[in-house]
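Heads up, the thing below is written out as structure tokens.
All of the numbers you see were taken from the coordinates with simple rules; none came from a lab. As the structure is a prediction and not an experimental result, all values here were calculated from the model. Here the Cβ is made from the backbone with ideal geometry for all residues, glycine too, and neighbour counts use every protein chain on show.
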Amino acid sequence: MNEIAQPSARRRAAASRWSGLLRKDDWWAIWIGLGLVIAAILLFAEGSSIKWIAIAPQKWASGSGLAAQLAPQGARYAALFLLWSISLGIGAAALGIRLSRFLPAFLALFVAAVAIYVLGMWDQAARYNLEPPLVALALGLLLSNTSGVPRWLEPALRVELYIKTGIVLLGAGLPLTLIAWAGPVAIVQAAIVSIATFGTIYAVGVKLGLDRRLAATLGTGGAVCGVSGAIAIGGAVGAKKEQVSIAISLVVVWAIVMIFALPLVARALHLPTGVAGAWIGTSEFADAAGLAAAQTYGGYAGNVAGIAGSSDAAVNAFTLMKVIGRDVWIGVWAFVLSLVATTRWERTGIDSRADAGEIWRRFPKFVLGFLAASAVVTLVSKGYTYAEYKKDVLPSLVAPLQSLRTWVFTFAFLSIGLTTKVREFVSVGARPLYAFSAGVAINVVLGFVLSTQVFSDFWSRLGQ
Amino acid sequence: MSETPERGMPEAASVNAAPLQRRRPSSPLCRNCRHFTGEPLALETAFAGLSSLSSAFASVRSEDGLCRLHDRYVAGSSACASFACAAAPAAPFAFDTASTSTRQS
């Protein structure tokens, strides 16, 4: 009987492995993001461009000027909505969200994103801190924690699908050579801060009497990749449900505080955009939160006196630091901690095993899409001189993809606020709060010193 | 017939392996247990804030899920003495949105 059962079980296991390609938002971010990049390249090769559909509001100074700008562009905004609703809708449907419920909710999200993007293009926006990421986040937080978010809107609030798609698109604007040049420094800086932060949270937590599984879950939430780090390690070490909830609550609250605090402090210190992006990448906890902070700071370039560097440098430095320096190592953390939990820590009554395959299974696959997008656009740009690149490739290929990236990030920033309901968070207790906050202090200070002193020249050059 | 370990999770760095090493694909792993739920939307409902800055659909979650019996968040490849076979062996990521989600359906 076993001889008969085994092949079918093998087929089932194989089918399960492949099903991840359709059931994980990492892969859908790749399909959607790379699909857009390839479509843009094909049109570019034909002498055309996706820039008609990748519309973005321009600077405006008065209501009449804004009306004159928007009135003739209705068809382009409608086409942009169709593009996003079809591509993201297919992804959401594959994740199990009914299309009939996703589409009306996404229409509302899209309209709100247009309004926020337009507001951010007001020529006085920087003066009043009306950066689109901050406005989107604040508006979402206000709604979700006061009147509440209508249930019909919830199917469209897929932060991770949007942010990962945006990161894949971001790869199109980052030459592979730049990733190869800056990647090692990002890895070194991130490794120093990650190990110091994890060590602090874990040591303080254990000293305060926390269960080791909770201390480790908190530690990776603070040191590696925020909520994603907390759930990865929570599962790897077999943490109690309540312990994972505590870690998630602390990460979300601190991450949101940092979205507002880091750009504010960096602005007061007039940090160059590349340096600020590296600091945010080292000291923020989650990709979505960090990108909100980095994009906010990038928006100050050219609008706030004394801030050097290009607007993209903040997001680029953040992505190198957070995605390449920290996120990709989560599988290694999970494997090592799982090994320690099963061999050294108190038994839980559940037998688990440390398996090196964990490193790949938990690998954030969207990073592959980010690297692939960078590689194909680098390849396409290879035959052009710098002058030709600025004249042809940038406006017709790269800039429209950057515009699409800004849109999908705005959907994500709105969704963060709209899904963060503080009253639903568990009561975390004083000891986890102290342990995590000790790690935050180390994280922020060490990240600041490394970004602004030790590697300052390096990150400043990134913005030039 | 030889009793081979399950594909994808055999010898490497195996610990606490005594109850596990003779396991086959149909063996009593948490992911096949009725006390276990790995359905992503149900996990997002169970963990407030999970969908704010991450997702239960993320690769980093692998096939972890909640054990309702032990009230723990465990890897799908774990096992324990209280295994109770689920009615229908489902793929780890298969789910019915309408029947399980209170937030997104």
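Descriptive notes on the structure:
- Gain upon complete extension [A:Thr343, A:Leu99; 0.36 nm per residue less C-alpha separation]: 83.2 nm
- Folded to 0 to 90 degrees: helix A:99-120 orientation relative to chain A principal axis, Cα: 60 degrees
- For the cross-link pairs A:Lys24/A:Lys382; A:Lys59/A:Lys421; A:Lys241/A:Lys421; A:Lys24/A:Lys322; A:Lys51/A:Lys391; A:Lys51/A:Lys390, the ones whose C-alpha atoms lie over 23 Å apart are A:Lys24/A:Lys382; A:Lys59/A:Lys421.
- Counting neighbouring Cβ atoms within 10 Å and putting the fewest first, the residues A:Val237, A:Val398, A:Val37 line up as A:Val398, A:Val37, A:Val237.
- Cα centroid of region A:294-340 to Cα centroid of region A:354-431, whole Å: 11 Å
- Length available on full extension from A:Ala108 to A:Tyr128: 0.36 nm per residue minus the Cα-Cα distance, which gives 4.7 nm.
- 16 Å cut-off, amide nitrogen to a point 7 angstrom out along A:Ala180 Cα→Cβ, residues in region A:362-393: A:371-383
- The distance between label points at A:Ala79 and B:Ser27 comes to 5.8 nm (points 7 Å beyond Cα on the Cα→Cβ vector).
- Order of A:Tyr202, B:Tyr73 under a 10 Å beta carbon neighbour criterion, fewest first: A:Tyr202, B:Tyr73
- Given charges at beta-carbon only (K, R positive; D, E negative), |dipole| of chain A in Debye: 760 debye
- Trypsin sites (Lys or Arg not before Pro), loop per DSSP, at most 13 other Cβ atoms within 10 Å - longest free stretch of chain A: A:128-346
- Fewest-first ranking of A:Trp122, A:Trp18, using other Cβ atoms within 10 Å as the exposure measure: A:Trp18, A:Trp122
- Other protein chain Cβ atoms within 10 Å, averaged over every residue that makes up A:328-338: 1
- R0 of 22 Å, Cβ-Cβ distance A:Val445-A:Ile195: FRET efficiency to nearest 0.05: 0.90
- Residues in region A:181-197 carry Karplus couplings, in order, of 6, 8, x, x, 5, 4, 5, 5, 4, 5, 5, 4, 5, 4, 5, 5, 5 Hz; the curve used is 6.51 cos²θ - 1.76 cosθ + 1.60 with θ = phi - 60°, and Gly or Pro positions show x.
- Calculated mean residue ellipticity at 222 nm for the protein assembly as shown: -19000 deg cm²/dmol, from DSSP H runs with n ≥ 4 weighted as -39500 (n - 2.57), summed, divided by the residue count and rounded to 500.
- At full extension, A:Trp52 and A:Asn303 could sit 87.7 nm farther apart than now, given 0.36 nm per residue minus the alpha carbon distance.
- Figure legend: label point modelled 7 angstrom from the Cα of A:Ser437 along Cα→Cβ; residues of region A:237-276 with amide N under 19 Å from it are A:246-262.
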